[in-house]
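Worksheet: one structure, shown below.
The values are calculated or read from the model by the stated rules, or taken from the named source; none is laboratory data. Bear in mind the structure is a predicted one, so any value in this text is a computation, not a measurement. Please note: Cβ atoms are built from the backbone with ideal geometry, for glycine as well, and neighbour counts cover all protein chains shown.
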Amino acid sequence: MTELRRGPVVPQVASLLRERLRHGGFSPGDRLPNEVQLAAEFGVGRSSVREAVRLLVQDGLLDVRHGSGTFVAAADPDTGDVRQLVRRARVLEVYEVRRALEVEAARLAARRVRPEDVEALRAGLRERQDRRDGDPAVFVDADLAFHRAVVELSGNALLLSLFTAAEPVLREILTEMVRHEKHLPDSSVAHADLLDALERGDAEAAVAATVANLEPVLCGVRSAVS
């Protein structure tokens, strides 16, 4: 049975299914295991599998044929660009939410951070930088851990809940970007600026650093969608 992380289940199951489609030897037209089998494999309820499949259907990766099962979608050159556009639009929505919640979290964290918190953030930032040229999934985990720590320091339980809900989707999106996009902007300076602003208790500088970190990727996704 696959062990899932803590947090929302459906995005994690959807991510696992995408990996299965990429690396599991499936071809267009192949039938997937049924809901009962997938639920047992992932250790989740059938409703979670059903919702995850629905997300992949929206992305054009799967076809559900009622009475027959779920099949890998055929590669159709006439609709490939449209499917990619839909995927990017969903990435855009997630990133817009991320920007909004992390900007406010940074503002609040700058007002509430303590010296011992700064030291923990500094260690987290070093971990992120050390992982930058390694395995994309490990790097993304370190990056999100740093950002999660900032959100936690905001002291706002609702912001933290929103971040927790978005985290599995962000992890999937960012890992895919780091692995496949050749010209992603280097946000190391923006991360260092954010840490410096938090250490000084400068809320506006913390907001500016957060925007500098997230806005380049957001602009790139917006351009791809438009």
Checked Glu167, Glu199 against criteria (over 17 Å from Val138 (Cα atoms), surrounded by 15 or more Cβ atoms within 10 Å (Cβ to Cβ) and in contact (Cβ under 8 Å) with a residue 40 or more places away in the chain); the one match is Glu199
Taking only the range 26-37 into account, find how many residues are without any contact (Cβ under 8 Å) to a residue 12 or more places away in the chain and surrounded by 12 or more Cβ atoms within 10 Å (Cβ to Cβ).
1
Which ones in the range 7-32 are small (Gly, Ala, Ser) and either farther than 19 Å from Gly45 by Cα or outside any loop (DSSP other than H, G, I, E, B) (or both)?
Ala14, Ser15, Gly24, Gly25, Ser27, Gly29
Any chance Ala157 is touching a residue at least 60 places away in the same chain (Cβ under 8 Å) and either in contact with a Lys or Arg (Cβ under 7 Å, 6 or more places away or on another chain) or in the same structural domain as Asp117 (by TED's automatic domain parsing) (or both)
no
